[in-house]
Amino acid sequence: MREKAFGHRAKTRLFALIGAMAVAGGSVGLAACGDDDDSSDGGGGAAVEGGEITMAQTSQPDFMDPALSYTVNGWEPMWIVYTPLLTYAHEEGPGGSELIPGLAEDLPEVSEDGKTYTLTLRDGLEYSDGTPVVASDFEHTIKRVINLESGGSPFYLGIVGAEDYLAGNDPEADIEGIETNDKTGEITIELVEPDATLSNVLAMNFAGLVPGDTPFKNLTEDPPPGVGPYEITESVPNREFVLEKVDGFADLGIEGVPAGHVDKMTTSIIKNQTQQAQDVLNNELDYMQDPPPADFKPTVLEQVGPDGSETQRYEEFVTTSTYYFFMRNDLPPFDDPAVREAVNIGLDKPALARLFGGELEPGCSFLPPGMPGYDEALDTTECPWGDPNSSGDQEAAAQMIEDAGATGEKVTVYGNNDDPTDKVTEAYAEQLNEIGLDTEVEILDGGVYFQTVGNDKTKAQTGFTNWFQDFPHPYNFMFLVDGDTIAPTNNQNYGWVDDPEITNTIDELLLEPDVTAVEQEWADLNRYVVESAVVAPYGHRKLATFFSDRMDFESAQFHPVYQNDYTSFQLTEGSE
């Protein structure tokens with residue numbers, strides 16, 4: 001996901017445009033606010049069960065329908081409402097990236113050719129309205145995603161017959177590659193070609209099961225029932241939505257999916273982030289999803305940050321994201337590897353990080369923290385371009401540009417008008433000027449930016465981009481530099497990177513469905529991507545958890561895929 005996001009399909013398929021993603025929406029974090037001791041002293045006493053809390057989002061979720069939502073505004077709350085066949089452990093850090101059975105009894109059995117996945121539905125499952133769950137609900141769930149042309153539909157078009165189902169425009173038609181048996185609970189999925197990411201795709205919110213009679217329309221104002229610890233009992237777009245605990249969920253016995261603590265969560269849409277932050281600080285609001293605005297954050301840190309004057313209830317986390325500059329590997333001057341290396345050597349990463357109000361951790365790894373294959377050394381002592389926390393070596397970079405005969409080369413630097421992207425783009429252009437290039441800045445509207453630089457006719461030489469994970473598989477980042485994904489329009493490989501070593505290695509690694517079995521190979525590929533300077537990474541975004549003093553700060557978990565885990569939220573004694 002990006003700030004303005006495109007989603008990806010299975011490798012070798014066309015890449016389809018999908019829904020926009022806000023900064024807070026694409027990001028995910030790595031560590032909890034503290035340990036998991038539910039009896040710890042948070043805001044004012046021991047953690048307790050029950051009670052009601054109030055929360056805020058700056059923007060209305062794009063949809064309150066699991067088939068359609070593709071922003072963290074929707075994903076964060078709906079993760080605990082709609083459980084898919086597979087899901088992720090409710091843990092902080094790397095443990096939260098572990099796939100576990102959700103509504104399925106176990107992880108899928110995968111055929112030797114990697115094209116057939118078999119799962120079995122757990123017995124005795126019920127939706128929040130008491131409707132029994134049956135295996136055929138899975139096919140209906142996927143049909144809704146595809147028929148409604150959701151941003152998530154490209155993830156499922158690798159299933160045999162899915163393309164035909166989409167083209168036929170008949171909601172009630174079957175998808176040939178999905179076979180279900182309501183008596184045995186068996187579900188079989190046939191793929192056109194092997195896809196090592198399918199298990200992760202089955203764990204996405206899009207695949208959270210809904211009843212087989214759920215209508216083929218946007219249900220934001222009347223969300224369907226799901227299987228989860230909470231249900232959506234009210235949804236008023238641009239005003240509020242309400243989650244309430246589901247009685248009896250714990251009796252379903254879905255190991256690894258907690259029943260939650262708080263009885264009721266009401267989220268209001270409040271456009272003014274400063275007001276939100278002030279209200280949380282004053283204990284008039286219990287949680288805000290977005291970070292405090294940069295100009296108000298010092299006040300928050302001084303009072304309730306890690307070194308604040310009061311009990312801590314604010315903490316930042318490095319997310320599973322990478323911010324980088326693309327360079328067209330097929331256009332001058334960046335078709336010369338020496339020029340790309342010079343750019344990486346000359347980047348002043350801390351200066352760029354300051355433009356994010358300190359909410360960017362400088363680094364040079366392409367794979368981000370929390371992603372299988374990530375090597376922390378690339379973000380610290382083993383970055384081939386120097387210490388990421390240093391200001392770069394502009395003198396050495398300028399000499400390399402001169403030796404390459406590129407001094408004075410005219411370069412157009414692209415960015416968009418989202419804050420602080422425009423400032424970052426201008427700073428990057430100035431840094432390129434300092435090493436001998438002659439830049440001109442082109443700032444585009446954020447709504448059309450990625451489509452524009454992803455169009456070959458634009459011939460965008462270099463510019464701003466970023467990526468937040470859709471799911472914890474290295475290919476969810478590596479497809480951005482995979483030569484097989486290059487397309488004339490809506491291309492997300494903005495540097496037109498077509499390095500046979502990268503592309504062939506990806507082809508080989510995607511044959512192994514168990515990412516842990518080839519994690520070192522993904523790490524080696526990540527190092528090659530960095531050392532070959534096909535892109536210029538400069539850091540990983542930070543986000544935060546910010547509570548009122550009514551909340552037990554120590555028990556809260558920041559999940560590596562879904563951000564703040566609402567099932568970990570608890571009130572403290574006397575505040576419920």
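The values are calculated or read from the model by the stated rules, or taken from the named source; none is laboratory data. Please read these numbers as outputs of a predicted model, since none were measured by experiment. Because the Cβ atoms are built from the backbone with ideal geometry, glycine has one as well, and the counts that use them run over all protein chains shown.
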Cross-chain or 6+ apart pairs with Cβ under 9 Å, the stretch 429-443 first and in the same structural domain as residue 338 (by TED's automatic domain parsing) and surrounded by fewer than 22 Cβ atoms within 10 Å (Cβ to Cβ), then modelled with pLDDT under 95 and in a strand (DSSP E or B): 443/416
Odd one out for residue 382, checked against (1) under 19 Å from residue 462 (Cα atoms); (2) free of Cβ contacts under 8 Å to residues at least 24 places away in the same chain; (3) within 28 Å of the chain's Cα centre (by Cα): (1)
Residues that are assigned to a loop (DSSP other than H, G, I, E, B), surrounded by fewer than 16 Cβ atoms within 10 Å (Cβ to Cβ) and either charged (D, E, K, R) or in contact with a helix residue (DSSP H, G or I) (Cβ under 7 Å, 6 or more places away or on another chain) (or both), drawn from the stretch 388-425: 389, 391, 407, 419
Residue list for the stretch 137-168, restricted to those being outside any helix (DSSP H, G or I) and closer than 22 Å to residue 224 by Cα: 148, 149, 150, 151, 152
Residue, farthest from residue 529 (Cα to Cα), within the stretch 342-354, restricted to residues that are surrounded by fewer than 20 Cβ atoms within 10 Å (Cβ to Cβ) and in contact (Cβ under 8 Å) with a residue 24 or more places away in the chain: 351
Residue count for the stretch 115-145, restricted to those that are among the aliphatic types (A, V, I, L, M) and in contact with an Asp or Glu (Cβ under 9 Å, 6 or more places away or on another chain): 5
Residue pairs meeting the criteria (Cβ under 6 Å; at least 6 apart or on separate chains; first over 18 Å from residue 141 (Cβ atoms), in the stretch 62-76; second surrounded by fewer than 24 Cβ atoms within 10 Å (Cβ to Cβ) and modelled with pLDDT of 90 or more): 76/562
Criterion (touching a helix residue (DSSP H, G or I) at 6+ places or on another chain (Cβ under 7 Å) and at pLDDT 95 or above) met by exactly one of 220, 233, 180, 197: 180
Positions within the stretch 444-455 being surrounded by fewer than 19 Cβ atoms within 10 Å (Cβ to Cβ) and without any contact (Cβ under 8 Å) to a residue 40 or more places away in the chain, in sequence order: 445, 448, 452, 455
Extreme residue, nearest to residue 367 (Cα to Cα), among residues of the stretch 276-332 that are in a loop (DSSP other than H, G, I, E, B) and hydrophobic (A, V, I, L, M, F, W, C): 331
Subset of the stretch 549-560 (residues that are buried (at least 24 other Cβ atoms within 10 Å of the Cβ) and out of contact with any Ser or Thr (no Cβ under 6 Å at 6 or more places or on another chain)): 551, 553, 559
Check on residue 516, closer than 25 Å to residue 95 by Cβ and part of a helix (DSSP H, G or I): yes
Restricting the stretch 426-455 to residues that are assigned to a loop (DSSP other than H, G, I, E, B) and hydrophobic (A, V, I, L, M, F, W, C), the residue that is farthest from residue 347 (Cα to Cα): 448
Test for residue 266: is it farther than 28 Å from residue 467 by Cα, of a type outside the set (Asp, Glu), in a strand (DSSP E or B) and in contact (Cβ under 8 Å) with a residue 40 or more places away in the chain: yes
Single residue of the stretch 185-203 satisfying the filter (touching a Lys or Arg at 6+ places or on another chain (Cβ under 8 Å) and among the acidic types (Asp, Glu)) that is nearest to residue 512 (Cα to Cα): 195
Every residue from the stretch 87-103 that is assigned to a strand (DSSP E or B), at pLDDT 95 or above and surrounded by fewer than 24 Cβ atoms within 10 Å (Cβ to Cβ): 100, 101
Any hit, the stretch 114-125, residues being part of a loop (DSSP other than H, G, I, E, B), surrounded by fewer than 17 Cβ atoms within 10 Å (Cβ to Cβ) and at pLDDT 95 or above: yes
Unmet requirement for residue 554, which otherwise passes all of (1) in the same structural domain as residue 413 (by TED's automatic domain parsing); (2) out of contact with any helix residue (DSSP H, G or I) (no Cβ under 8 Å at 6 or more places or on another chain): (1)
Leading residue by the ranking (surrounded by the fewest Cβ atoms within 10 Å (Cβ to Cβ)) among those in the stretch 137-166 that are touching a residue at least 24 places away in the same chain (Cβ under 8 Å) and among the charged types (D, E, K, R): 139
Conditions (1) surrounded by fewer than 23 Cβ atoms within 10 Å (Cβ to Cβ); (2) assigned to a loop (DSSP other than H, G, I, E, B); (3) of a type outside the set (Asp, Glu); (4) within 18 Å of the chain's Cα centre (by Cα): number failed by residue 134: (4)
Any hit, the stretch 495-508, residues being outside any helix (DSSP H, G or I), among the aromatic types (Phe, Trp, Tyr) and surrounded by fewer than 24 Cβ atoms within 10 Å (Cβ to Cβ): yes
Residue pairs meeting the criteria (Cβ under 7 Å; at least 6 apart or on separate chains; first in a loop (DSSP other than H, G, I, E, B), in the stretch 355-372; second of a type in the set (Gly, Ala, Ser)): 355/427; 357/294; 363/539; 367/373; 368/321; 370/97
Index of the failed condition, residue 305 passing every other in (1) touching a residue at least 12 places away in the same chain (Cβ under 8 Å); (2) under 29 Å from residue 276 (Cβ atoms); (3) in contact with a Phe, Trp or Tyr (Cβ under 7 Å, 6 or more places away or on another chain); (4) not acidic (Asp, Glu): (1)
Residue, surrounded by the fewest Cβ atoms within 10 Å (Cβ to Cβ), within the stretch 245-263, restricted to residues that are over 16 Å from residue 556 (Cα atoms) and in contact with a Phe, Trp or Tyr (Cβ under 7 Å, 6 or more places away or on another chain): 245
Failed item, numbered, when residue 181 is tested on (1) surrounded by fewer than 23 Cβ atoms within 10 Å (Cβ to Cβ); (2) closer than 30 Å to residue 229 by Cα; (3) touching a Phe, Trp or Tyr at 6+ places or on another chain (Cβ under 9 Å): (3)
